[in-house]
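Notes follow once the structure below has been shown.
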Amino acid sequence: METIEQIISSHPLFAGIEPAYLHLIGGCARNVHYDPGRYLLQHGAPAGEFFLLRHGRVALELTGPGRGTVTFQTLGPGELLGVSWLIPPYRWTYDAKAIELVRAVSIDAACLREKSEADHHLGYELMKRFMPVLVQRLQAARLQLLDVYGAGR
Amino acid sequence: MMSAQMDAAQVLTGAGLDALLQVLKSRGLRTLGPKIRAGVIVYEEIASVADLPRGWTDEHSPGHYRLRRRDDAALFGYTVGPHSWKQFLHPARQCLWQARRDGAGEQPHFEPEPSDAQHFALIGVRACELRAIAIQDRVLLEADPQYRARRRDTFIVAVNCTVAGATCFCASMNAGPAVSDGFDLALTELTTSSEPLFVLRAGTDIGRAVLSELPRRPASDTEIARAAARVEDTAASMGRQMPSEDLPQRLLRNLEHPRWSEVAERCLACGNCTMVCPTCFCTSVEDSSDLTGTQLTRTRRWDSCFSADLTYLHGGSVRQSTRSRYRQWLTHKLATWPQQFGTSGCVGCGRCITWCPVGIDITVEASRIAAGESG
Amino acid sequence: MDASTIDPMRPRLARVRSRRRDGPQVWTLEIDAGPEARSGFSAGQFNMLSALGVGEVPISFSGDPTEPRRIVHTIRAVGAVSTALAHLGVGATLGIRGPFGVGWPLAEAVGQDVVLVAGGLGLAPLRPAVYHLLAQRSRYGQITLLYGTRSPAEILFRRELNAWRRRADLSVEVTVDHALGAWDGHIGVVTALIERAHLAARHTTALVCGPEIMMRFAAEALAAALIPSESIYLSMERNMQCGVGLCGHCQFGGLLLCRDGPVIRYDRLRETLRVREL
C-alpha cells in the first residue's frame with residue numbers, strides 16, 4: 001500500500017520535492033473519490049482544499065441563465081484542480097464535475113496556508129509549483145478567447 | 001562569357017543605325033525603343049532613327065524628372081525613364097486563357113491559345129536593364145511559358161551609358177554602366193556633331209549575322225579608347241550608391257528598426273516604385289465572365305506589394321500597415337530575393353527614387369536601416 | 001510530359017463526382033479530372049481549384065495518397081470562390097491545377113514516432129498523412145493524432161476519427177475549445193494535449209497544421225516537450241495564386257510558400273513567425 005506521501009511525490013505537481021516539505025504537505029492530505037456526475041467543487045463555495053487528480057476526468061463548468069452549462073476545460077490524471085485556495089477570498093470561481101470515477105488526493109487549504117505562513121520556504125516552494133500552472137491556464141484562456149479556428153473575421 | 005570572345009569593334013553611323021532597324025524589321029521583329037511622349041522618354045514601337053530622342057537628356061532627383069536639351073545631337077544621351085522592357089516581356093495585363101460554354105449547363109471548353117506570339121527587337125537596352133531582364137529570366141523563364149515564348153526570340157541592342165543620372169547607382173550594384181553580356185549587339189555612342197556615331201560589337205551569332213548586313217567600318221584604336229573612356233566617366237559620376245557589405249543580413253537583422261515607421265509616414269503606398277521597377281514581377285489574376293456566363297476569361301495583371309489585397313487571407317490582409325508593405329518591398333529587393341532566386345532584386349537604375357511622388361530614396365533607407373539602431 | 005509544353009497556369013477541367021458535408025460550412029468534394037489527368041500527390045501538397053468565372057483558390061488534398069486516382073478536397077465556404085466551390089453540385093465543372101508544393105516529410109520520418117497536431121480545418125491537410133502512415137504502419141513507431149477544434153459540432157471527419165480511435169496502433173485525442181451538453185471528451189486548447197502526450201522527444205517527428213496562432217503555440221509546446229525544432233514541421237498558409245513561385249503573393253521572408261512549402265521545418269520559421277505582418 002502506497003503512503004499518502006508517496007502518492008503526492010509521484011504527482012507531477014510535486015515531482016522532486018524535498019522530503020521535509022513532502023512531510024508537511026502530507027500532513028494536510030487525504031485520499032478522496034467521486035462518482036461520475038458528482039461535484040468536487042462549486043462556484044461561490046469556500047475554497048477549502050485543492051485536488052491532485054490521479055484517475056478519471058473532471059469538467060470545469062460555468063452555468064448562466066438561458067445559456068445552459070458551458071464546459072471550458074477538462075482536467076485529467078496528473079493535473080491540478082483548484083487554485084482559488086491560494087488567494088483571498090478563497091472561494092471557487094467555477095463548478096468541477098467528475099465525468100468519470102475520479103480518484104484524487106485532497107489537500108486541506110487552511111492547513112497548508114498555515115504551514116506556509118510559518119515556513120515561507122514552503123510557501124515559496126508552493127508558489128514556484130503553482131505559478132506555471134496558472135500561467136499555462138491563462139495562456140490557454142487567451143487562445144480560447146481568440147477563437148482561432150473560426151472562418152476568419 | 002560573351003566578352004571573352006569579344007569581336008572586333010565596328011563603327012556605325014546614323015545611316016547604319018537606320019539600316020539596323022530595317023534589318024531587324026525584315027526579320028519579323030517589332031523594333032521597340034526610346035521615344036519622347038508627354039514630356040518623358042518612353043519605350044514604344046520605333047520606325048526609324050528619327051523617332052529617337054535626338055539631342056535630349058533627362059534630369060533626375062528624388063521625386064523629380066525633366067527633359068532638357070543637350071548641346072549635341074546624341075541619340076542616347078539620357079538614362080532611363082518610367083518605362084522598362086518588362087512591359088513587353090512581362091506585360092501589365094495579359095489573358096491567361098479563355099473558355100466558352102456553348103449553352104447553359106454545357107461543359108466549357110478552352111479556346112485555342114492565340115498564336116500571335118510577338119517577337120521583339122529591343123533598341124537601347126542599358127546595362128542595368130540587361131541585368132533586370134536576366135533577373136526576371138530567373139523568376140519567369142522556367143515557370144511561365146508565355147514569358148518564355150516572348151523572351152526566346154528577343155533581339156537585344158544594348159547601349160553603354162555615356163551619362164549617369166543623379167538617381168543612378170548601378171555601379172554599386174555591379175550592374176553597369178558598361179554592358180557585359182546578355183546582348184546581341186552593343187553600342188557605345190560617340191556622337192558629337194549632327195552625324196550619329198557608334199562603336200559597335202556583336203555578342204551572339206545572330207548579332208554577328210545582323211552586323212554583317214550593316215554598312216560599317218572597323219573602329220580605330222582611338223575610337224575604341226574614347227568609347228571606353230566615356231563609360232568609365234559615367235561610372236565615376238554615379239549620383240548615388242548602395243551600401244554593399246553584408247547588406248541582406250544587416251537588413252534582416254533590423255526588421256523592427258524605427259526607420260521603417262518613419263519612412264511609412266512619408267510613403268503613400270501608391271506602388272509607383274513597383275510599377276517602374278524593371279524587376280518587380282508580382283501579379284494577380286482575375287476571373288471574369290460575360291453576362292450569359294458563356295465566355296470565361298482569366299486575366300493576369302501586375303500587382304504590387306503596396307496593395308492590401310496582395311496578402312489577403314480569408315478575412316484580412318497579412319500586411320495591413322504601410323510600414324510592413326514598405327519593409328516587404330525593400331527587404332525583398334535587397335535581402336530575400338537572393339534567397340529566393342540567387343541574385344539581388346535591385347539593379348541600381350534609380351527609377352523608384354525618381355518616380356516616388358514623395359522622393360523616398362532606397363539607397364538612403366537601406367543605409368540607415370542596415371546601420372542598425374545605434375547607427 | 002516535357003515541362004516546356006505544359007502551361008502551369010492553365011487548369012484542366014474536372015467534374016464533381018461526389019460531395020458531402022463535413023461540418024458547418026465545410027464540404028468535401030471528390031473530383032473526377034478525367035482519364036488524362038496526371039495522377040498522384042504527396043500528403044501535404046495542394047491544388048489550385050477554380051470556380052469558373054469566379055476565381056481560383058489553393059486547397060490542400062484531403063484524400064488518400066495511396067489511391068492516386070481519387071482527388072479529394074475539403075473546402076470551407078468563406079469567400080466568394082470557396083463558397084462557389086463548396087456549393088458545386090455533383091457533375092458540375094471546375095478547374096484544377098496542381099499538385100503544387102512540398103508536403104509532409106513522411107519518408108524522412110520512417111523509423112520515428114510521429115505526432116500530428118491539427119487545429120480546426122487543419123485536420124484536412126493532415127488526413128493524407130494519416131492515410132499514408134497507416135498504409136505503411138510497420139515502418140513507423142508510435143503514431144499520435146492530437147486534434148483541437150472550436151466545438152463538438154465542428155469536428156471534421158467525425159466517423160473516421162471514431163474509427164481511428166478504435167485502432168490499437170494509433171492514438172487519437174480530440175479537444176474542443178468549449179462545449180455545451182453531451183460532449184464527454186477533452187475541453188481545452190490543443191497545446192494541453194501536447195503537454196499530456198508523453199512524446200519520446202528524441203525520436204518523434206511532429207507535423208502541425210492549423211491557424212498560424214495555433215501552430216505557433218503548438219510548436220512552442222512541442223519544443224517545450226524537448227522535440228528539436230528540426231523535427232517539427234508546419235504547414236504555412238498564405239494567399240497562394242500561381243503555385244509555381246512567379247506571382248509573389250505567398251512570400252514569407254525568403255520563402256515562397258507555394259514553391260518552398262507549404263510544409264516548412266520549424267527551424268526555418270521560428271524567427272520569422274515572431275515578426276508581425278511579414
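The values are calculated or read from the model by the stated rules, or taken from the named source; none is laboratory data. Predicted model only: the values in this text are computed from it and were never measured. With ideal geometry, Cβ positions are generated from the backbone for all residues, glycine too; neighbour counts draw on all protein chains shown.
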Worksheet, complete the sentence: Those residues of the range B:37-53 which are assigned to a loop (DSSP other than H, G, I, E, B) and either outside the structural domain of B:Gln22 (by TED's automatic domain parsing) or farther than 14 Å from B:Arg68 by Cα (or both) amount to B:Ile46, B:Ala47, B:Ser48, B:Leu52
Discussion item. Tell me yes or no: at least one residue of the range C:190-198 is of a type in the set (Ser, Thr, Tyr), within 14 Å of chain A (Cβ to nearest Cβ) and either farther than 30 Å from A:Leu62 by Cα or in contact with a strand residue (DSSP E or B) (Cβ under 9 Å, 6 or more places away or on another chain) (or both).
Written reply: yes
Item to complete: Within the range B:326-350, track down each residue that is touching a strand residue (DSSP E or B) at 6+ places or on another chain (Cβ under 9 Å), more than 15 Å from B:Ala134 (Cα to Cα) and not in a loop (DSSP other than H, G, I, E, B).
Response: B:Gln328, B:His332, B:Thr336, B:Gln339
Worksheet item: Looking at the range C:204-278, what helices (runs of 4 or more DSSP H) fall wholly within it and have at least 1 residues that are at pLDDT 95 or above?
Response: C:212-224, C:257-260
Worksheet item: Only one of (1) crowded, with 23+ Cβ neighbours inside 10 Å; (2) touching a residue at least 40 places away in the same chain (Cβ under 8 Å); (3) in contact with a helix residue (DSSP H, G or I) (Cβ under 7 Å, 6 or more places away or on another chain) fails for C:Gly261. Which number is that?
Response: (3)
Discussion item. Can you tell me how many residues within the range C:179-190 are part of a loop (DSSP other than H, G, I, E, B) and touching a helix residue (DSSP H, G or I) at 6+ places or on another chain (Cβ under 7 Å)?
Written reply: 3
Worksheet item: Tally time: how many residues in the range C:206-220 are surrounded by fewer than 24 Cβ atoms within 10 Å (Cβ to Cβ) and farther than 22 Å from C:Pro152 by Cβ?
Response: 3
Worksheet, complete the sentence: Checked the range C:81-115 for anything surrounded by 24 or more Cβ atoms within 10 Å (Cβ to Cβ) and either part of a helix (DSSP H, G or I) or within 13 Å of the chain's Cα centre (by Cα) (or both); matches are C:Leu85, C:Gly101, C:Gly103, C:Trp104
Worksheet item: Which members of the range B:255-268 meet the condition of being in a loop (DSSP other than H, G, I, E, B) and away from chain C (no Cβ under 11 Å)?
Response: B:His257, B:Cys267, B:Leu268
Response to the item:
Here the qualifying pairs (Cβ atoms under 9 Å; residues six or more apart or on different chains; first in the range C:163-186 and away from chain A (no Cβ under 11 Å) and surrounded by 13 or more Cβ atoms within 10 Å (Cβ to Cβ); second polar (S, T, N, Q) and assigned to a helix (DSSP H, G or I)) come out as C:Val172/C:Asn162
Practice prompt. Considering only residues that are within 19 Å of B:Cys305 (Cα to Cα) and charged (D, E, K, R), look in the range B:337-375 and name the one that is surrounded by the most Cβ atoms within 10 Å (Cβ to Cβ).
Written response: B:Arg351
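For every residue, the table says whether it meets (1) surrounded by 18 or more Cβ atoms within 10 Å (Cβ to Cβ); (2) within 14 Å of chain C (Cβ to nearest Cβ).
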position: B:Ala134; (1), (2): no, no
position: B:Leu141; (1), (2): no, yes
position: B:Ala149; (1), (2): no, yes
position: B:Arg152; (1), (2): no, yes
position: B:Ala158; (1), (2): yes, no
position: B:Ala166; (1), (2): yes, no
position: B:Asn174; (1), (2): no, no
Worksheet entry | Contacts under 6 angstrom Cβ, first residue in the range C:1-19 being farther than 27 Å from B:Arg148 by Cα, partner among the hydroxyl-bearing types (Ser, Thr, Tyr) and modelled with pLDDT of 90 or more, 6 or more apart | C:Arg15/C:Thr93
Worksheet item: Can we say B:Gly372 is farther than 21 Å from B:Cys282 by Cα and not in a helix (DSSP H, G or I)?
Response: yes
Worksheet, complete the sentence: Within the range B:119-153, residues modelled with pLDDT under 95, closer than 22 Å to B:Ile46 by Cα and charged (D, E, K, R) come out as B:Arg150, B:Arg151, B:Arg152, B:Asp153
Fill in: Matching residues, the range B:45-60, being buried (at least 16 other Cβ atoms within 10 Å of the Cβ) and under 19 Å from the mean Cα position of the chain (by Cα)
B:Ile46, B:Leu52, B:Pro53, B:Thr57, B:Asp58, B:His60
Worksheet item: Does B:Arg93 satisfy the condition of being surrounded by fewer than 16 Cβ atoms within 10 Å (Cβ to Cβ), among the charged types (D, E, K, R) and out of contact with any Asp or Glu (no Cβ under 8 Å at 6 or more places or on another chain)?
Response: yes
Discussion item. Restricting to the range B:333-375, count the residues that are over 15 Å from B:His60 (Cβ atoms) and of a type outside the set (A, V, I, L, M).
Written reply: 19
Worksheet, complete the sentence: Cβ pairs under 8 Å, 6+ apart or interchain, first in the range C:48-64 and within 14 Å of another protein chain (Cβ to nearest Cβ), second of a type in the set (D, E, K, R) and crowded, with 24+ Cβ neighbours inside 10 Å, ordered by first then second residue, are C:Met48/C:Glu56; C:Leu49/C:Glu56; C:Ser50/C:Glu56
Worksheet item: Among the residues of the range B:23-44, is there at least one that is under 23 Å from the mean Cα position of the chain (by Cα) and of a type in the set (Asp, Glu)?
Response: yes
Discussion item. Residues to consider are B:Gln118, B:Gln87, B:Gln107; find the one that is more than 14 Å from every other protein chain (Cβ to nearest Cβ) and without any contact (Cβ under 8 Å) to a residue 60 or more places away in the chain.
Written reply: B:Gln87
Worksheet item: Inside the range A:1-44, can you point out the residues that are of a type in the set (S, T, N, Q) and over 14 Å from A:Leu126 (Cα atoms)?
Response: A:Thr3, A:Gln6, A:Ser10, A:Asn31, A:Gln42
Worksheet, complete the sentence: The residue that is surrounded by the most Cβ atoms within 10 Å (Cβ to Cβ), considering only those in the range B:217-252 that are among the charged types (D, E, K, R) and within 23 Å of the chain's Cα centre (by Cα), is B:Arg240
Discussion item. Residues that are touching an Asp or Glu at 6+ places or on another chain (Cβ under 9 Å) and assigned to a helix (DSSP H, G or I): does the range B:293-303 have at least one?
Written reply: no
Discussion item. Are there strands (runs of 3 or more DSSP E) fully within the range A:1-117 with at least 3 residues that are more than 14 Å from chain C (Cβ to nearest Cβ)? List them.
Written reply: A:29-34, A:39-41, A:49-55, A:102-108
Worksheet item: When you go through B:Thr297, B:Thr311 one by one, which is the residue that is within 14 Å of chain A (Cβ to nearest Cβ) and either at pLDDT 95 or above or out of contact with any Phe, Trp or Tyr (no Cβ under 7 Å at 6 or more places or on another chain) (or both)?
Response: B:Thr311
